[in-house]
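Structure first, then comments.
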Amino acid sequence: MNLVGSLFGSSIGRKIVMAVTGVILIGFVVGHLVGNLQIFQHPDHLNGYAQFLHQLGPLLWVARIGLIVAVVLHIWAATVLTLENKKARGSDYGFKHTIQATLASRAMRWTGFVVLAFLIYHLAHFTLGLVQTETFKETAPLNHYSMTKDYRVAGFTVVTAGADVANVYNMVVLGFQNKVVSLFYIISVGLLSLHLLHGFDSLFQSLGLRNAKWSALLHKAALVLCLVYFLGNLAIPGAVLAGKLQPHAAKVAPAVQR
Ligand code: HEM
C-alpha cells in the first residue's frame, strides 16, 4: 500500500490523520487567540491585524482551504474510528477500561459537536455578518475605521496610518454586549478546551510519544495549556460584559451611544 493508502486505509493511519489534523487545528486556535487578544490594546492593533489578514488575498484562501480540509479529515477519521471501536467492542464491554474509553470518546464526540455548531455560528457572526444583523445595521456607520498609526508585522509596515479599514474591534465588542451570545461563546470555548485536553492525551498516544514515565507530566502540561487557553478566550467576552471594553468612542454613531 502506498503512503496515502495506508494513512486512510488502516486504523493506525486514521489515528495519525486525526493527530496531525488535530495539531494543525490546535495551531490555528492558539494563533487565533493570540491575534484576538490584541483587542486589549488600541483598536489600531486588532483592526490592523484583521486588515493584514484580508490583504493576504490568495494566501488567506490557501489557509482557509487548508483549515477546511483539516476539519473535514478530523471529523471523518473520528467517525470511522468510532464506528470501528463500536464494532470491535462486542463481548468485552464489561471491562472497566473499555467503559472509561467509551466515556472519554463520548465526551470527545459531544464536545466536538458543540464546537462544530459554535464554529458555524461564529462564521455567520463575524465572517459573514448573517447573525445579529440588527447590530450590523445599527452600527453600519461604525464599519469603517481610520488607522491612527502604522500596523507593523516583523518590522514591516503592512497597514499604513490613515488607511480606511473594517472596524473589527467594534464588531467584536458590540457582538459580545449581547449576554446570550457571550454565554454561548464562553460555554463553547469551555467545551473546546475540554476537547483539546482529551485530544492532547490521545495525540501523544497516537504519535507514540506517551509512556508511563511521561504520561502524568504530559497530562499536567496539557491541563495548564488548556486552562490558559480557556481563560484567554474568556477574557474577551468577560471584559465586554464587565464594561471594560467599549466600542471605540471616536467612531460611535448617535444610534448606539450609551
Ligand atoms: C472569544 C473568542 C473569539 C473571538 C473574539 C473571535 C473573533 C473572530 C473574528 C473577529 C473573526 C473575523 C475576522 C475577520 O474576518 O476580520 C473570526 C474569524 C474566525 N474564527 Fe474566531 N474568534 C474567537 C474564537 C474562535 C474559536 C474558539 C474558533 C475555533 C473553534 C474560531 C475560529 C474562527 C474561524 C475559522 C474564523 C474564520 C477565519 C477566516 O475568515 O478565514 N474563533 N474570529
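Does Leu223 fit the bill of being away from the ligand (no atom under 16 Å from the Cβ) and either modelled with pLDDT of 90 or more or closer than 26 Å to Gln38 by Cβ (or both)? Against the criterion (away from the ligand (no atom under 16 Å from the Cβ) and either modelled with pLDDT of 90 or more or closer than 26 Å to Gln38 by Cβ (or both)), Leu223 qualifies. For region 1-53, a residue qualifies if it is surrounded by 19 or more Cβ atoms within 10 Å (Cβ to Cβ) and among the small types (Gly, Ala, Ser), and the qualifying residues are Ala19, Gly22, Gly48, Ala50. Residues that are without any contact (Cβ under 8 Å) to a residue 40 or more places away in the chain and more than 18 Å from Met147 (Cβ to Cβ) within region 35-68 comprise Gly57, Pro58, Leu59, Leu60, Trp61, Val62, Ala63, Arg64, Ile65, Ile68, listed in sequence order. Ile65 passes every criterion in (1) surrounded by 11 or more Cβ atoms within 10 Å (Cβ to Cβ); (2) at pLDDT 95 or above; (3) under 30 Å from Ala166 (Cα atoms) apart from (1).
Here is the figure for region 17-27: residues that are out of contact with any helix residue (DSSP H, G or I) (no Cβ under 6 Å at 6 or more places or on another chain) and away from the ligand (no atom under 16 Å from the Cβ) total 1.
The values are calculated or read from the model by the stated rules, or taken from the named source; none is laboratory data. Keep in mind it's a predicted model, so treat the numbers as computed, not measured. Don't worry about glycine lacking a Cβ; one is built from the backbone with ideal geometry, like all the others, and counts go over all protein chains shown.
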